[in-house]
Ligand code: SF4
Ligand code: SF4
């Protein structure tokens, strides 16, 4: 995978905010870029993206591809990055238990509404 796709699956490399220098890419949970982004969020916004932090802590690259809990509470509680309809489609088509669960040690962001 290309560095620049966030752990959540958002392709930052295709985002106009990143291309115009208004935002930095997230990277997967296994990339150094993720640590840089978390540090930048903490410094600039006072909190971190719980999805990115959780993927780093769990040592998983991409939530949807690599985590059995996907979509977990970090996604379902929102507000970023996907709609409820999209997440319900994911749960329906995966058809397995465990999704929608709360991760064991949920990291916190000061204000999840402002982490982008
Ligand atoms: S939800 Fe988190 S990992 Fe995904 S693009 Fe936003 S800050 Fe990055
Ligand atoms: S528990 Fe949720 S946020 Fe954490 S790696 Fe799994 S899907 Fe991603």
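Which helices (runs of 4 or more DSSP H) does the range 1-88 wholly contain that include 2 or more residues that are near ligand 1 (Cβ under 9 Å from one of its atoms)?
So the answer is 32-45, 50-58, 73-76.
Got at least one residue in the range 63-82 being farther than 21 Å from residue 103 by Cβ and either surrounded by 14 or more Cβ atoms within 10 Å (Cβ to Cβ) or free of Cβ contacts under 8 Å to residues at least 24 places away in the same chain (or both)? Please lay out each step first, then the result.
Going residue by residue through the range 63-82, those that are farther than 21 Å from residue 103 by Cβ are none.
There is no residue in the range 63-82 that is farther than 21 Å from residue 103 by Cβ and either surrounded by 14 or more Cβ atoms within 10 Å (Cβ to Cβ) or free of Cβ contacts under 8 Å to residues at least 24 places away in the same chain (or both).
Got at least one residue in the range 45-57 being near ligand 2 (Cβ under 10 Å from one of its atoms) and surrounded by fewer than 16 Cβ atoms within 10 Å (Cβ to Cβ)?
There is at least one residue in the range 45-57 that is near ligand 2 (Cβ under 10 Å from one of its atoms) and surrounded by fewer than 16 Cβ atoms within 10 Å (Cβ to Cβ).
If we scan the range 103-112, do we find a residue that is modelled with pLDDT of 95 or more, within 13 Å of the chain's Cα centre (by Cα) and under 21 Å from residue 23 (Cα atoms)? Spell out the reasoning first.
Keep residues of the range 103-112 that are modelled with pLDDT of 95 or more, which gives none.
The answer is no; no qualifying residue exists.
For residues in the range 1-30 being within 16 Å of ligand 2 (Cβ to nearest atom) and surrounded by fewer than 20 Cβ atoms within 10 Å (Cβ to Cβ), which is farthest from the chain's Cα centre (by Cα)?
1
So residue 85 clears everything in (1) at pLDDT 60 or above; (2) closer than 19 Å to residue 56 by Cβ except one condition, right? Which one?
(2)
The values are calculated or read from the model by the stated rules, or taken from the named source; none is laboratory data. All figures in this text were calculated on a predicted structure; none of them were measured in a lab. All Cβ positions, even for glycine, are placed from backbone atoms using ideal geometry, and neighbour counts span all protein chains on display.
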